[in-house]
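Below is one structure, written out as structure tokens; the observations come after it.
The values are calculated or read from the model by the stated rules, or taken from the named source; none is laboratory data. Quantities reported herein were computed from a predicted structural model and do not represent experimental measurements. Note that each Cβ is placed from the backbone with ideal geometry, even for glycine, and that neighbours are counted across all protein chains shown. Ligands, DNA and RNA are stripped out before the accessible areas are found, and what is left, the full protein with its side chains, is counted by its heavy atoms. Shrake-Rupley method; radii C 1.70, N 1.55, O 1.52, S 1.80 Å.
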Amino acid sequence: MIILKSKEEIELLRKSNQIVANLLNDLRELIKPGITALELDAYVEKRIREKGAIPAFKGYRNFPASLCISINDQVVHGIPNSRRLNEGDIVSLDLGVILNGFYGDAAITVPVGKINKEAKKLLDVAEKALYKGIEQARIEKRLYDISHAIQSWVEGNGFSVVRDFVGHGIGRNLHEDPQIPNFGSPDRGVQLKTGMVLALEPMVNVGTWEIKVETDGWTAVTKDGGLSAHFEHTIAITEDGPDILTVVP
Ligand code: MG
């Protein structure tokens, strides 16, 4: 069941999501060769708590950290460790918080220093894929119009979309209905409605879309070892179109 949000609830969701957007911005500045994922995680947890919010991922199905950090061929759900970031890496940062009972959720993939041409193209295509999806988040559209726009943009650029993880509704729960695949046929799925709040999150691979989960039970990596990128915004659907909640105020 899709839970529609009132205007007041959307404003509360905006507050949670603005915290996420702010912190991802700060992390973007901190990312440089030599820093470890554990240091970034510790920083972000401290900042979340200073703002009176709660890290949403820590303890979620026993996930041990506040931040998911996925490097290079890691797709999502990487557990922070003491590995130092290297020049040329790409790093996906996925962050969730809870404020006043409402969840915020977003992700970005950022370069570490100078990255190669393929990695640059991947980041560009994956970030634009998210906006291709957002453009479709309108009341005259149906759910898989979002999915189709993302898939056709990504595949048109020679990359692939991950099938195993999907976007989701969000509100008083981190994962609500509907599930939002990043692939599918247009003009299918539920009609989009004012008050839907959705976390859209394409995961884009340079090579095969297939992934596997490592023995830690969390870290998803590409099956062929190719690079992967992940961008996510939480948006509200309004009469006037999509309203991105994960932006810095
Ligand atoms: Mg999400």
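For this structure, a couple of remarks:
- All Cα-Cα distances of the range 7-244, cut into 10 Å bins from zero to the largest, leave 8, 34, 38, 18, 2 percent in each bin in turn.
- Counted charge near T109, where neighbours are those whose Cβ lies closer than 14 Å (Asp, Glu -1; Lys, Arg +1): -4
- Rounded to the nearest 20 debye, dipole of the chain from Cβ charges on Lys, Arg, Asp, Glu: 240
- Between K117 and N86, the FRET efficiency from the beta-carbon distance, with R0 = 30 Å, is close to 0.95.
- Cβ-Cβ FRET estimate between V213 and E39, R0 fixed at 25 Å, reported to 0.05: 0.50
- Surface exposure of the range 73-180, expressed per residue as accessible area with a 1.4 Å probe, stands at 41 Å².
- With 28 Å as the limit on Cα-Cα distance, the pairs of K15/K223; K141/K212; K5/K58; K51/K121; K114/K223 that go past it are K15/K223; K141/K212; K51/K121.
- Measuring gaps between exposed loop sites in the chain (GluC sites (Glu not before Pro); DSSP loop; at most 15 other Cβ atoms within 10 Å), the longest gap, sites not included, is 1-86.
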